[in-house]
Amino acid sequence: MKIIALEAENLKRLTAVRIEPDGNLVQITGKNGQGKTSVLDAIWWALDGTKNVQATPIRKGEERAIIRLDLGELKITRRFNSQEDGTYTTSITVENGEGARFSSPQSMLDKLLGELTFDPLAFTRMKPADQLLSLRSLVPDFDFDDIEAQNKADFSDRAVANREAKEAKAAAEEIGRTLPDEIPEPVTIDDLMSQWQNASEHNTLIVKRQEKRQEYRTQRDALHNEILRMQENLSAMDAEIEGWPKLEDPLPIEKIKNQLDNAAEINRTADAAARFNELSGKAKIASERSEALTKAIDDRKAAAQTAIAKIEMPGSSISIADGAVYLDGVPFDQASDAQQLQASIGIAMALNPKLKVIRVRDGSLLDDDAMKILAETADANDYQIWIERVDTSGTVGFVLEDGHVKGQTIEPEAKKPAKTSTPDPEKKKPAPSMFDADRG
């Protein structure tokens with residue numbers, strides 16, 4: 001479906017124009033300030049509702065403006081009426097080829113339209129991130145925002161995992177440099193401490209018993225001086241001494257003390273080895289988690305790439321990588337101007353599969369070769385490209401002069417005198433023309 005005819009009256013800089021394209025490349029030319037942009041806006045505003053209409057759509061000094069668009073199968077009329085407070089009201093009617101009107105005209109048009117606002121030339125000048133956003137509209141069923149949110153979370157988790165792996169690995173390596181080739185088994189300190197304490201108590205008891213015996217001997221020597229007087233006591237004491245058991249040998253307490261000293265060093269080594277194993281395991285787990293997150297990110301990138309690859313568009317191969325648009329495997333901005341233009345036109349066509357109309361502003365930036373690419377691509381794919389260009393020759397395309405198409409003389413409907421005669425109710429009205437069905 002393409003534009004067969006466009007009429008616009010009192011819209012922005014336009015007074016009254018009628019354009020009937022005779023080819024797929026429709027050039028709107030003229031000097032600056034003559035109404036070229038207003039022609040392209042008329043197409044947009046007629047189709048895309050009021051959300052993009054500027055604050056003052058009606059030509060200065062006029063009270064109403066009208067846009068009529070003939071798409072062959074559909075005929076669209078949008079009206080603007082000024083209000084006393086400086087605002088405006090608008091209405092729209094849409095008829096089919098038999099003149100029947102649609103009850104919900106804008107809803108019907110919304111289903112027909114793609115991204116009419118997509119400008120291929122503007123796309124070539126976008127930053128990579130903005131180009132990627134434009135491409136998203138080609139895949140409405142693919143949730144790029146959710147993918148970005150998941151990737152952002154995984155990027156953060158992966159950074160933490162990589163940091164933990166790095167820190168754990170560095171700590172393990174620091175410990176590993178001090179470990180001996182043969183790692184000893186840990187020593188039970190509590191058992192050695194118990195042995196040391198028991199030995200200490202045993203030896204203390206022996207010392208006390210030695211002291212006691214020495215004291216006893218001293219007493220015995222004292223008593224020896226009184227042997228005559230205490231013979232009986234001396235004999236009894238001798239008998240008792242003879243009955244004393246032999247003293248045990250002292251335990252090797254120094255050996256246990258050395259074992260205690262060595263145990264501390266052994267356990268430090270064993271603890272270091274255990275910490276080494278713990279950190280090495282932690283580093284391995286964190287690295288595996290990082291690899292899993294990387295795979296999840298890569299899988300989602302691949303899914304987005306697959307979604308983009310399914311888009312049917314003429315021209316070069318479009319892909320996405322690292323948050324940017326690629327063209328035939330190279331960054332979009334590194335491709336040639338011709339490649340960029342052809343790819344952008346292909347995207348615009350993919351965005352508008354039903355209404356085969358593309359608008360291009362700033363067409364003056366294109367040289368003859370680029371214009372040839374536009375024309376050939378439009379013809380090859382049967383699309384209509386409306387392009388605005390500054391031209392002072394007055395011989396190219398539809399030339400705009402002070403709100404009119406050069407050579408046209410059209411009286412705006414708003415300027416026509418109102419009919420005051422009483423209509424004959426018996427007289428049958430003539431069938432409305434494609435652009436008069438909504439007048440009156």
| field | Size of charge dipole - region 150-298 - debye, nearest 20, with Cβ of Lys, Arg +1 and Asp, Glu -1, no other charges | value | 560 debye
| note | Simple SL model, points at 7 angstrom along Cα→Cβ for Asn381 and Asp157; separation in nm is 4.0 nm
| task | At 25 °C and 0.890 mPa s, grab the translational diffusion coefficient of region 219-365 from Stokes-Einstein with a Kirkwood Rh over Cα pairs, rounded to a whole number in µm² per second. | result | 96 µm²/s
| query | Of Ile189, Ala100, Ala55, which is farthest on the positive side of the dipole of the chain, counting Cα position, with +1 on Lys and Arg Cβ, -1 on Asp and Glu Cβ, and the Cα centre as origin? | reply | Ala100
| query | Thr409 to Ser336: FRET efficiency via 1/(1 + (r/R0)^6), r the Cβ-Cβ distance, R0 35 Å, to the nearest 0.05? | reply | 0.20
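With a 10 Å Cβ neighbour count serving as the proxy for reagent exposure, in which order, fewest first, do Glu9, Glu240, Glu164 appear?
Sorted ascending by nearby Cβ count, the order is Glu240, Glu164, Glu9.
Volume per residue, Å³, of the convex hull around the alpha-carbon atoms of the chain?
Details: hull volume 139.6 nm³, N = 440.
Normalising the Cα hull of the chain by residue number yields 317 Å³.
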| Over the chain, what is the relative contact order in whole percent, taking alpha-carbon pairs under 8 Å and six or more residues apart? | 30 percent
| About the Cα centre of the chain, what is the dipole size in debye to 20, counting +1 per Lys and Arg Cβ and -1 per Asp and Glu Cβ, all else neutral? | 2220 debye
| note | So for R0 = 30 Å, FRET eff. of Glu185-Lys255 from the Cβ-Cβ r, to 0.05, ends up at 0.95
| said: Checking the cross-link filter: which aspartates and glutamates have an alpha carbon closer than 13 Å to that of Lys354, excluding same-chain neighbours under 8 positions apart? | reply: Glu73, Asp110, Glu115, Asp382
| request: Please work out how much length the chain gains when fully extended from Val207 to Glu62, using 0.36 nm per residue of separation minus the C-alpha to C-alpha distance, in nm with one decimal. | output: 39.7 nm
| said: Just want the answer: with Cβ charges of +1 for Lys and Arg and -1 for Asp and Glu, which residue in Ser287, Leu223, Asn267 is farthest toward the dipole's positive end in region 150-298? | reply: Ser287
| request: Output the peptides 123-135, 214-226 sorted from most to least packed, where packing is the average of other Cβ atoms within 10 Å over each peptide's residues. | output: 123-135, 214-226
| query | Label points 7 Å out from Cα along the Cβ direction at Gln150 and Lys284: separation in nm? | reply | 2.9 nm
| query | Long-range amide H contacts for Val26: which residues qualify at under 5 Å (H placed 1.01 Å from N, peptide plane, sequence gap of 5 or more or a different chain)? | reply | Ile385, Trp386, Ile387
| field | Kirkwood Rh, angstrom, region 150-298 [1 / mean 1/r, Cα pairs] | value | 21.9 Å
| message | Which order do the peptides 97-107, 250-260 come out in when sorted by mean C-beta neighbours inside 10 angstrom, highest first? | response | 250-260, 97-107
| Given the pairs Lys36/Lys111; Lys257/Lys284; Lys255/Lys284, which span a C-alpha to C-alpha distance of over 31 angstrom in this model? | Lys257/Lys284; Lys255/Lys284
| Subset of Lys127/Lys406; Lys127/Lys166; Lys12/Lys75; Lys12/Lys372; Lys127/Lys301 violating a 28 Å alpha-carbon distance limit | Lys127/Lys406; Lys127/Lys166; Lys12/Lys372
| note | When Phe80, Phe276, Phe142 are ranked with the fewest other C-beta atoms within 10 Å first, the list becomes Phe142, Phe276, Phe80
| field | Distance in nm between pseudo-label sites at Arg268 and Asp369 (7 Å out along the Cβ direction from Cα) | value | 7.7 nm
| note | Ordered by fewest other Cβ atoms within 10 Å, a rough proxy for footprinting exposure, Val139, Val399, Val330, Val325 read Val330, Val139, Val399, Val325
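Read-outs: derived from the displayed coordinates by stated rules, not from any lab. Since the structure is predicted, the reported quantities are computational estimates derived from the model, not experimental observations. Please note: Cβ atoms are built from the backbone with ideal geometry, for glycine as well, and neighbour counts cover all protein chains shown.
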